[in-house]
Amino acid sequence: MMASSDEKTGCSGSASVRYHSLDALRAWMMLLGLVFHIAWLFQPEFFWNTRSDPQGHVGFQYFFGWVHVFRMQAFFVIAGFFAHLLVVRRGVVSFLKNRFWRVLLPFVAGMVVLFPLTRWQDIRGGFQTGRIQSSLSVWEYTVDHFQEMPDKIGDQWPYHFWFLETLCLVYGVAILLRLVFDRVLDRDGRLRRRLQVAFDAIVGSAWCIPVLAVPVGALLFWDNTWFGVTTGPLNPEWVGTLNYWFIFGVGWCLYANPELIARISRHWRIKMLVGSVLALMLSEVFFSDWAEHRNRVGPTGAAMDLTVVADYSMLREELRTGGDSEIGKVRVAIRDRLSPEYQEFLEKFETPTTDQLFGLVNELNKKIVDSEDLATPERCHTLGLVGHPVWGGWAKKPIEDRSDSARKSVNAALLHAAFPESLFPDLARPWLERAVYFFVYGLTTWLLVNAWFGLFEEYFSGENAKVRYYSDSAYWLYLVHITIQFELSLWIGGYDWNPLFKFLVYLAATLLVGVPSYHYLVRSTWIGGWLNGRKYPREPLLESALLPGPKKHRVTTG
């Protein structure tokens, strides 16, 4: 990474500068995650959470889409800024030790302690809604699931802990690049000074937002990730990780000239308005296209999304009846590979819920798309796959000669060929429309990131005891909030309450559990020293968290 200003201007001549607005903004982006993930539970249909909610509403869908455009992007800009600050003030070795204790170890602890609990909640939600069809009990199913997990650990979705894994990866890349520049490519710092001058010119110009939008949009286009920047399972999806590395790099370079913060903060109200309108338009395009199976939440691959089913009644009938025709025989082979529970499911359910339908699609992914013996060359020839423009060459080969990704893709192509009318084909938009969408996505990201920088520079640039309290608590609250919300969804998710009231119940419960647990179990204990770098004297909860206190102003030295 580029050198800081020893390193240059980043320290502003003193190690005592505290960037209160960025501290507060970083905390706000984490706390906004509490609200964001409640909206996730209120999607109109199942969307990879514990269960769908009968009070799901498109309003929550649009809020979800709006927040997703900027929240973690703003967080990673700030992470890059403070990472560079820490390297300058303490050095590389101290930085690595600090990040080991405060990022890597919390990630490991979260995966060891909270991940199993969250996955158990996920499984209970599947049993509760019929997303999981099994003759086993919840406990037996859970035990089997975790016994099988070691062989598939890289495929596990880490829930909200993904951001800690991604932080570790971008930290590693940043330090590696810095060492390479220091010792090999740029020992005298001349190249980095030139790059910093170019960065300052771009970020300080009127073209800042569209120029920064190009790399973000290009990486999204490459990944074909309509939902936005995604990093995938524990085995990371590298294009999404690269996108966050670029965003992190912007923050890293910003520290070398922090006066640019004032520049990007200008006209923040206009940026917030324009960015929000664009974000809502992007949400409309995404959710409308997703309903028609024209895009994906994650990168394009063989695995199918919930929206692949165009006509469940027809699919059900075709699977149940099969037939003696060539296509009927393939359908029978597909049906016979489904578990007995899902064969029974097809007999019982004429109109499944979105949770149940997701379970069926997941079963098709596991038993059909991942099959090691389904798409034989004979079956592929029978259904015309040997003429497929992409997978025809692989379809002609014996299964054992196909790569793993090709095997899955040929299986998926055979599945679509067997059910041409009941399953949607991949109906991606033309490349030019995709390019426009992804560029606008990048544009919207930077409009809103800049807007939030401006808002917090204007209103939170001074020291404030309550803001400091919630800045410190945000890390803990973010780590535990999903577990709280998932558990609550299992208790009240099925009730037909007013959606706004229900939303507020989720938020209140999250805070009523999260804030006191932080105050009494974390803030003044070794856990607080571990997560936040310091322990505070024990004070009454109301005095620390709620009652107004004296406002302190930032003191800097020039």
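Conditions (1) touching a residue at least 40 places away in the same chain (Cβ under 8 Å); (2) under 16 Å from the mean Cα position of the chain (by Cα), marked per residue:
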residue	(1), (2)
GLY217	yes, no
THR230	yes, yes
PRO233	yes, yes
TRP238	no, yes
THR241	yes, yes
ILE247	yes, yes
GLY275	yes, no
LEU278	yes, no
GLU292	yes, no
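Table: residues versus (1) under 30 Å from GLU284 (Cα atoms); (2) out of contact with any Ser or Thr (no Cβ under 9 Å at 6 or more places or on another chain); (3) assigned by TED's automatic domain parsing to the domain that holds TRP497.
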residue	(1), (2), (3)
ARG71	yes, yes, yes
LEU86	no, no, yes
VAL93	no, yes, yes
PHE115	no, yes, yes
PHE127	no, no, yes
GLY130	yes, no, yes
SER137	no, yes, yes
THR142	no, yes, yes
ILE153	no, yes, yes
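For the subset of segment 529-539 comprising residues that are part of a loop (DSSP other than H, G, I, E, B) and either in contact (Cβ under 8 Å) with a residue 60 or more places away in the chain or touching a His at 6+ places or on another chain (Cβ under 8 Å) (or both), which member is surrounded by the fewest Cβ atoms within 10 Å (Cβ to Cβ)?
If we take residues in segment 529-539 being part of a loop (DSSP other than H, G, I, E, B) and either in contact (Cβ under 8 Å) with a residue 60 or more places away in the chain or touching a His at 6+ places or on another chain (Cβ under 8 Å) (or both), then GLY533 is surrounded by the fewest Cβ atoms within 10 Å (Cβ to Cβ).
The lone criterion from (1) surrounded by fewer than 21 Cβ atoms within 10 Å (Cβ to Cβ); (2) in contact (Cβ under 8 Å) with a residue 12 or more places away in the chain; (3) closer than 30 Å to VAL112 by Cα left unmet by SER265 is number (3). Among (1) surrounded by 13 or more Cβ atoms within 10 Å (Cβ to Cβ); (2) more than 24 Å from ASP53 (Cβ to Cβ), which single condition is LEU542 missing? Of the numbered conditions (1) surrounded by 13 or more Cβ atoms within 10 Å (Cβ to Cβ); (2) more than 24 Å from ASP53 (Cβ to Cβ), the odd one out for LEU542 is (1). For segment 13-59, taking the residues that are in a loop (DSSP other than H, G, I, E, B) and within 26 Å of TYR470 (Cβ to Cβ), the one that is modelled with the lowest pLDDT is identified as ALA15. Please verify whether LEU85 is in contact with a Cys (Cβ under 9 Å, 6 or more places away or on another chain) and surrounded by 19 or more Cβ atoms within 10 Å (Cβ to Cβ), treating the condition exactly as stated. Spelling it out, LEU85 is indeed in contact with a Cys (Cβ under 9 Å, 6 or more places away or on another chain) and surrounded by 19 or more Cβ atoms within 10 Å (Cβ to Cβ). Just so you know, in segment 250-269 the residues that are charged (D, E, K, R) and assigned to a helix (DSSP H, G or I) include one that is nearest to ARG178 (Cα to Cα), and it is ARG263. When GLY494 is tested against (1) farther than 27 Å from ARG51 by Cβ; (2) of a type outside the set (Ser, Thr, Tyr); (3) in contact (Cβ under 8 Å) with a residue 40 or more places away in the chain, exactly one condition is not met: (1).
Among helices (runs of 4 or more DSSP H) entirely within segment 364-418, having at least 1 residues that are within 19 Å of ASP305 (Cβ to Cβ) singles out 404-418.
Residue-level check: of (1) more than 28 Å from the chain's Cα centre (by Cα); (2) buried (at least 20 other Cβ atoms within 10 Å of the Cβ); (3) not in a helix (DSSP H, G or I), ILE334 misses just (3). Considering (1) more than 28 Å from the chain's Cα centre (by Cα); (2) surrounded by 18 or more Cβ atoms within 10 Å (Cβ to Cβ), the lone condition that LYS397 does not fulfil carries the number (2). When restricted to residues that are buried (at least 24 other Cβ atoms within 10 Å of the Cβ) and among the polar types (S, T, N, Q), segment 232-262 contains 1. Scanning segment 314-335 for any residue that is in contact with a helix residue (DSSP H, G or I) (Cβ under 9 Å, 6 or more places away or on another chain) and either in the same structural domain as ASP155 (by TED's automatic domain parsing) or on the phi > 0 side of the Ramachandran plot (or both) turns up at least one such residue. Pairs meeting the criteria (first residue in segment 511-528 and under 13 Å from TYR470 (Cα atoms), second residue polar (S, T, N, Q), beta carbons under 6 Å, at least 6 apart or on different chains) are TYR518/SER473.
If you go through segment 95-137 and pick out every residue that is of a type outside the set (A, V, I, L, M), outside any helix (DSSP H, G or I) and surrounded by fewer than 16 Cβ atoms within 10 Å (Cβ to Cβ), you end up with 2. Quick one: would you say PHE460 is surrounded by fewer than 21 Cβ atoms within 10 Å (Cβ to Cβ) and in contact with a Ser or Thr (Cβ under 6 Å, 6 or more places away or on another chain)? So PHE460 passes the test. Of the residues in segment 463-470, at least one is closer than 28 Å to ARG263 by Cβ, surrounded by fewer than 23 Cβ atoms within 10 Å (Cβ to Cβ) and β-branched (Val, Ile, Thr).
The values are calculated or read from the model by the stated rules, or taken from the named source; none is laboratory data. These numbers were taken from a predicted model, which means no experiment stands behind them. Glycine also receives a Cβ, built like all others from the backbone with ideal geometry; neighbour counts cover every protein chain displayed.
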